[in-house]
Structure formats: structure tokens, C-alpha cells
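The values are calculated or read from the model by the stated rules, or taken from the named source; none is laboratory data. Everything numeric in this text was worked out from a predicted model, so none of it was measured. Don't worry about glycine lacking a Cβ; one is built from the backbone with ideal geometry, like all the others, and counts go over all protein chains shown. Side chains included, ligands, DNA and RNA excluded: accessible areas come from the protein's heavy atoms. Shrake-Rupley method; radii C 1.70, N 1.55, O 1.52, S 1.80 Å.
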Amino acid sequence: MRWWKRLIFSIISLVWGYISLDYLYYAFSKLVNSKGSPEYYAPESDGLYQLIGLAMFLLWFSITAGYLFIIKKSSNQVDIIEEDYKTGRQTYKKKWADIVLQVAFIITGLILRWGYVVYIYIPDL
């Protein structure tokens, strides 16, 4: 992958991780019905919000999987061929460096957002 593509993907991954924390928190609060009343549970209204939370989680995972698929298609398609010394058979190893790098940037964005919330936003409340 060329350096400018890797830079663009890195910026997108960092921003995606940064905004994902709030999105995943909102989806989790819908999924566990954190705003509802603990004494009374109505499946027709509360159950709908829980399904929406589940759908939000599935949407986030789908978008992330599609993004990683785009990264895999944009990276070099050359596999590494290694020979096993014991059996003499050739094995094919896939290159995962670009995907691992972008997942690390997504996790870094999540950590940056978490640090902002914990150290800057919450103490001001």
C-alpha cells in the first residue's frame, strides 16, 4: 500500500475509533435499557429499544468489517510462500500488517476519546 493511502486510512481509523466510543455507549445504553424504570418492564416499548441497541451494535460491526475489507483490498495482494522444513510442503501466509495497523489506530482513537472523557469532561461536571 502506498504511503498516502496508508495515511488516509490511518486518519479515517483514528476518527472512526474516536467517534465509535460515544456510539457504542449509546447502543449499549439502549441494549440494557439504562433509561427505563427497573420496576416496570414493558416489552412493547422497552423491548423495541433493546432491539434498536442490538441493531446499532450489528451496524457498527458491519461498517467496521466493510472498512477492514476495503483496507484488505487496497493493500498489496502478494502472499508469502514459506516451506515447512519437516514436511517439505509449501504454505501460504497472508499479509495482515495493514489491517493490524488500522485496528491499532481504531483502538487508539477509542483510548483517546476515553481519556478525554475521563480526564477532561467528567472532572468539569
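Out of P43, P123, report the one residue that is open to solvent by less than 90 Å² (accessible area, probe 1.4 Å), modelled with pLDDT under 80 and farther than 18 Å from F9 by Cβ.
P43
State all residues of the stretch 67-91 that are under 30 Å from L24 (Cβ atoms) and surrounded by fewer than 10 Cβ atoms within 10 Å (Cβ to Cβ); if no residue qualifies, say none.
Within the stretch 67-91, K73 is the sole residue that qualifies.
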